[in-house]
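Participant: The structure that follows is given in the form of structure tokens.
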Amino acid sequence: MRWLIDLLNRILRRRVPPPQPVPSTDDVAQLLLAHNQVRGQRGLSALRLDARLCVSAQRVADACVRLGYLDHSADGLTPWQRIQQVGYSYTSASENLAKGQRTAEEVVQSWLADPPHAANVFGEWVDVGFARTQDVWAADYAIPSLAGG
């Protein structure tokens, strides 16, 4: 995952400090699997993992750890500004944050227990990006614009 973030940083021509620590591919894979399992149970389409959305999610997770609390604008940007900044063009987007869970399954269960977060899990999204820094988890959801994400 780190090589992907480095590549995206070069593409964006903007130096971004590397996230600490980089989320394991297991965390990302488990979040994607858990999301798509619960979505499938409702007859919803599977989400696609998008590297740019992972970078966006990583930035907010890192910033929340630095602050010591959850804040969708922890890095000084709104989720929508952050998603645009990483080069993803969208028609609609949203974000979920969580803190304190130990596994991807626990994170998804906590989001499902809260109606606004569950609405994101079950939204009509196409793409998603996940990140984890320490015990902070982030998910950025989006529908690409017609011009492409």
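Participant: So the check is Cβ under 7 Å with 6+ separation or different chains; which pairs have a first residue in the range 68-89 that's closer than 18 Å to residue 146 by Cβ and a second one that's surrounded by 17 or more Cβ atoms within 10 Å (Cβ to Cβ) and not small (Gly, Ala, Ser)?
Facilitator: That search, which allows pairs on different chains as well, returns 83/53; 83/90; 83/140; 87/52; 88/50; 88/52; 88/53; 89/144.
Participant: Could you list, in sequence order, the residues of the range 105-120 that are assigned to a helix (DSSP H, G or I) and out of contact with any Phe, Trp or Tyr (no Cβ under 8 Å at 6 or more places or on another chain)?
Facilitator: 105, 106, 108, 109, 110, 111, 112, 115, 116, 119
Participant: Just for the range 69-81: of the residues that are open to solvent by 40 Å² or more (accessible area, probe 1.4 Å) and in a helix (DSSP H, G or I), which one is nearest to residue 112 (Cα to Cα)?
Facilitator: Filtering first and then ranking leaves 80.
Participant: Any idea which of (1) more than 21 Å from residue 146 (Cα to Cα); (2) in a strand (DSSP E or B); (3) touching a Pro at 6+ places or on another chain (Cβ under 9 Å) is the one residue 97 doesn't satisfy?
Facilitator: The single condition residue 97 does not satisfy is (3).
Participant: Residue 129 versus (1) at pLDDT 95 or above; (2) open to solvent by 10 Å² or more (accessible area, probe 1.4 Å): which is the lone unmet condition?
Facilitator: (2)
Participant: Could I ask something else about it? From the residues in the range 39-68 that are farther than 19 Å from residue 79 by Cβ and outside any helix (DSSP H, G or I), which one is most open to solvent (accessible area, probe 1.4 Å)?
Facilitator: 42
Participant: Let me ask something else about it. Taking the stated definitions as given, is residue 124 under 18 Å from residue 64 (Cβ atoms) and open to solvent by 20 Å² or more (accessible area, probe 1.4 Å)?
Facilitator: Answer is no for this residue.
Participant: Something else now. Is it the case that residue 118 is under 18 Å from residue 46 (Cα atoms), out of contact with any Cys (no Cβ under 9 Å at 6 or more places or on another chain) and either of a type in the set (A, V, I, L, M) or modelled with pLDDT under 95 (or both)?
Facilitator: It is true that residue 118 is under 18 Å from residue 46 (Cα atoms), out of contact with any Cys (no Cβ under 9 Å at 6 or more places or on another chain) and either of a type in the set (A, V, I, L, M) or modelled with pLDDT under 95 (or both).
Participant: I need the full set of residues from the range 115-149 which are more than 13 Å from the chain's Cα centre (by Cα), among the acidic types (Asp, Glu) and under 18 Å from residue 37 (Cα atoms), in order please.
Facilitator: Matches in the range 115-149: 124 only.
The values are calculated or read from the model by the stated rules, or taken from the named source; none is laboratory data. Please read all numbers here as calculations on a predicted model, not as lab measurements. Using ideal geometry, Cβ is built from the backbone for each residue, glycine included, and neighbour counts are taken over all protein chains shown. Each accessible area value is taken on the protein alone, full model and side chains, heavy atoms only, with ligands, DNA and RNA left out. Shrake-Rupley method; radii C 1.70, N 1.55, O 1.52, S 1.80 Å.
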